[in-house]
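For reference, the structure discussed in these notes is given below.
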Amino acid sequence: MIYWDLFCAFFVPNIIGYGGGPAIIPLIESEVVGHYGWMNSQEFAETLALGNALPSPIATKMAGYVGYEVAGITGAMVAVFATVVPSLLLMLGSLGVLYRYRNSFRVKRMSQWVRPVIALMMAWLTMGFFTEGIENSGPIHMLVIAAFSGIALIRFKIHPALVVFCSLIYGGLLLN
């Protein structure tokens, strides 16, 4: 039964989500944290931070990690399979249709309406992480990490993976 739950937890967000890994993270969080309770919000945030710091698609890394934590190696394989294979098959099947109607006004309009929805979902996820960070580590540490990250990313154009790594070091050294 646990393998079926793992399959569903990653299959559903990857099928109904549109826009790639970052866009489906809130859907995965809803399943992993809200529906099944395999992690709490803090653990999910840490997993997401680690997944962002490593190369390759975020959703696949998260599926592998969560699947392994829940049901070992077989769980990781089931979760990664549920993340990759159905989406790949659906994408290959839909590609021909979209390519045929690529100049259609309706197809172009559909793509334009999806972007604001993804932006709102990402904003909701960010606010959730922000409030969780304030509750767990306090407003001063949260503001220090946010200010450092913002300045490093915007002003100095430091790679996001390095910013996440430095934030993890800060948290590991000062928030134990």
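The values are calculated or read from the model by the stated rules, or taken from the named source; none is laboratory data. This structure is a prediction, so every number in the text was calculated from the model and none was measured. Reconstructed Cβ throughout: ideal geometry from the backbone, glycine too, with neighbour counts over all protein chains shown. Side chains included, ligands, DNA and RNA excluded: accessible areas come from the protein's heavy atoms. Shrake-Rupley method; radii C 1.70, N 1.55, O 1.52, S 1.80 Å.
Given a Förster distance of 30 Å, report the FRET efficiency between Leu50 and Phe105 from their Cβ-Cβ distance, rounded to the nearest 0.05. Could you put the intermediate results ahead of the total?
Working: r = 42 Å, r/R0 = 1.41.
The value I calculate is 0.10.
If I compute percent of Cα pairs over 24 Å apart from the structure I just sent, which labelled value in [x] 41; [y] 45; [z] 34 lines up?
The value matching this structure is [y].
Helix by helix through the chain, keep the DSSP H runs that span 24 Å or more along the axis on Cα and average at least -0.5 on Kyte-Doolittle, and give those back in order.
Numbers: long enough: 58-100 (43 Å, 1.33); 105-137 (49 Å, 0.31).
What comes out of the filter, once short or polar helices are dropped, is 58-100, 105-137.
Which one of Tyr68, Gln42, Pro116 is farthest out on the positive end of the charge dipole of the stretch 40-129, using unit charges on Cβ (Lys, Arg +1; Asp, Glu -1) and the Cα centre as origin?
Pro116
Per residue, how much accessible surface does the stretch 1-120 expose to a 1.4 Å probe? Answer in Å², no decimals.
Details: 7320 Å² over 120 residues.
The answer is 61 Å² per residue.
Out of residues 5 or more away from Ile158 or on other chains, whose amide H comes under 5 Å of its own, with H placed 1.01 Å from N in the peptide plane?
Leu153
About the Cα centre of the stretch 52-117, how large is the charge dipole given +1 on each Lys and Arg Cβ and -1 on each Asp and Glu Cβ? Please answer in debye to the nearest 20.
Numbers: 7 positive and 1 negative charges, 125 e Å.
Approximately 600 debye in magnitude.
Taking the chain as a Gaussian network, Cα atoms linked when under 10 Å apart, which of Leu27, Leu54, Leu89 shows the biggest mean-square fluctuation?
In the Gaussian network model the winner is Leu89.
Whenever you get a sec, compute what percent of the accessible area on the chain sits on carbon and sulfur atoms (1.4 Å probe).
On the way: 8020 of 11350 Å².
Reported share for carbon and sulfur atoms: 71 percent.
Using a simple charge model, +1 on the beta-carbon of Lys and Arg, -1 on the beta-carbon of Asp and Glu, nothing else, what dipole does the chain show about its Cα centre, in debye to the nearest 20?
Values: 9 positive and 8 negative charges, 241 e Å.
Computed charge dipole of the chain: roughly 1160 debye.
If you filter the stretch 36-133 for trypsin sites (Lys or Arg not before Pro), then keep DSSP loop positions with at most 15 other Cβ within 10 Å, what is left?
Values: sites: Lys61, Arg100, Arg102, Arg106, Lys108, Arg109; in loops: Arg102.
Qualifying residues, ordered by number: Arg102.
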